[in-house]
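Worksheet for the structure shown next.
The values are calculated or read from the model by the stated rules, or taken from the named source; none is laboratory data. All values derive from a computational prediction rather than experimental measurement. With ideal geometry, Cβ positions are generated from the backbone for all residues, glycine too; neighbour counts draw on all protein chains shown. Note: accessible area is taken over every heavy atom of the protein model, side chains too, but ligands, DNA and RNA are not part of it. Shrake-Rupley method; radii C 1.70, N 1.55, O 1.52, S 1.80 Å.
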Amino acid sequence: MTTTHEAVPGGGPKRSVTRRRRPLTFDRASFMVVFLGLPLVIFVVFVVSPFVQALYYSLTDWSGFSAGQNFVGFDNYVRLFHDDIFLKAVRNNVLLAIVVPIVTIVLALTLATLVTIGGSGTGTVRGLRNSGFYRIVSFFPYVIPAIVIGLIWAQVFTPGSGILDALLTKIGLEQFENYAWLGDARTAMPASMFVMIWGFVGFYMVLFIAAIRGIEPEVFEAARIDGAGRFRSAVSITVPLIRDNVQTAYIYLGIAALDAFVYMQALNPGGGPQNSTLVMPQQLFTTAFTKGQFGYSTAMGVILAAVTMLFALLVFTVNALTGGRERKVKGRR
């Protein structure tokens with residue numbers, strides 16, 4: 001039984017209202033067990049439990065194929081911070097998490113703006129002609145598995161016999177006749193980033209198109225009457241109104257960039273020249289299944305999970321500090 005105070009219309013004194021709690025019947029209990037208890041058990045068994053096990057194994061010298069292991073404490077983590085190859089992989093992952101989301105979001109937003117409100121400056125607000133065709137073509141790379149995308153572009157970048165070298169040579173750039181795009185430390189990472197961005201842009205363009213479609217056309221028409229051009233409308237109207245979508249896209253792209261195992265393994269299985277394209281998941285895989293150091297590789301996985309969570313927290317914090325939450329509250333009012 002609970003007592004609450006409710007205001008009386010007209011500004012009178014608050015009155016006390018006593019409400020009785022509903023009895024715990026079999027129907028209510030079974031509902032809570034099925035729809036609350038069962039999902040919680042599944043989450044604990046398949047998410048929390050493996051993570052706790054990973055934390056434990058990261059504190060051992062387990063080889064992965066032996067029945068026992070020795071507890072070594074934080075020795076694996078101390079080794080990690082003195083492992084130059086792993087630190088190089090961390091730097092590569094951080095670079096990917098910065099460049100890939102930013103470039104992908106800028107390109108996707110530009111394309112989404114063009115096919116939704118980038119049409120004629122007179123009449124109703126509309127996108128470019130044949131915008132449906134552009135959406136299909138842009139989305140097509142996303143339906144191809146990442147491993148297939150990586151293998152296709154690995155062939156495109158092949159020195160001498162690759163399509164890219166052939167095209168550049170045909171237009172007079174003879175210096176690229178046998179250029180190893182993935183074999184040069186200066187171009188291996190940019191080429192890998194290009195492949196990832198090419199695979200991501202289409203999906204996030206469609207995501208932003210859906211978000212922009214949710215904005216009332218009268219908003220853009222009013223901006224056009226006030227003299228705002230396409231670029232000004234995109235920066236001052238579109239981006240602020242789909243801010244939550246941009247934040248979500250950045251988090252997902254950042255997580256994909258921090259993983260990047262499939263793309264990098266298909267393009268440069270060995271980590272590239274001077275480990276220029278090596279990422280943490282690649283080093284983890286090699287350490288576990290080639291060197292048989294599962295305890296050490298599990299510590300790498302824990303670090304990767306911590307970096308991923310830190311990245312998401314950083315994005316939410318920056319969004320809150322730049323007024324994202326404040327604008328959301330004002331919008332609801």
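Per DSSP helix of 4 or more residues, -39500 (n - 2.57); summed, then divided by the residues of the chain. What does that give at 222 nm, rounded to the nearest 500? Display every interim value, and only then the final one.
Working: 16 runs with 200 residues, N = 333.
So the helix-based figure for the chain works out to -19000 deg cm²/dmol.
Taking all protein chains in place and a 1.4 Å probe, what share, in percent, of the accessible surface of the range 238-290 do carbon and sulfur account for?
Numbers: 1230 of 2050 Å².
Carbon and sulfur: 60 percent of the exposed surface of the range 238-290.
How much area per residue is accessible in the chain when the probe is 1.4 Å and only protein heavy atoms are counted (Å²)? Don't jump to the answer; show the numbers that get you there.
Values: 20140 Å² over 333 residues.
About 60 Å² of surface per residue is accessible.
Rounded to the nearest angstrom and ordered from largest down, what semi-axes does the equivalent ellipsoid of the range 187-283 get from its C-alpha gyration tensor (root of 5λ)?
38, 13, 10
Could you list, bin by bin from short to long, the percent of Cα-Cα pairs of the chain in 20 Å steps?
So the P(r) values, bin by bin, are 22, 43, 29, 6, 1.
Which of V103, V235, V115 moves most in a GNM of the chain, Cα contacts under 10 Å?
V235
Under 5 Å between amide hydrogens, which residues at least 5 positions from T60 or on another chain qualify, with H placed 1.01 Å from N in the peptide plane?
V72
Give the residues of the range 95-116 whose amide nitrogen is closer than 17 Å to a point set 7 Å from the Cα of L167 in the direction of its Cβ.
none
What's the longest piece of the chain with no exposed chymotrypsin sites (Phe, Trp or Tyr not before Pro), counting a site as exposed if DSSP puts it in a loop and it has at most 12 other beta carbons within 10 Å? The partial results should precede the final answer.
Details: sites that count: F65, F74, F81.
Longest site-free region, per DSSP loop and neighbour criteria: 82-333.
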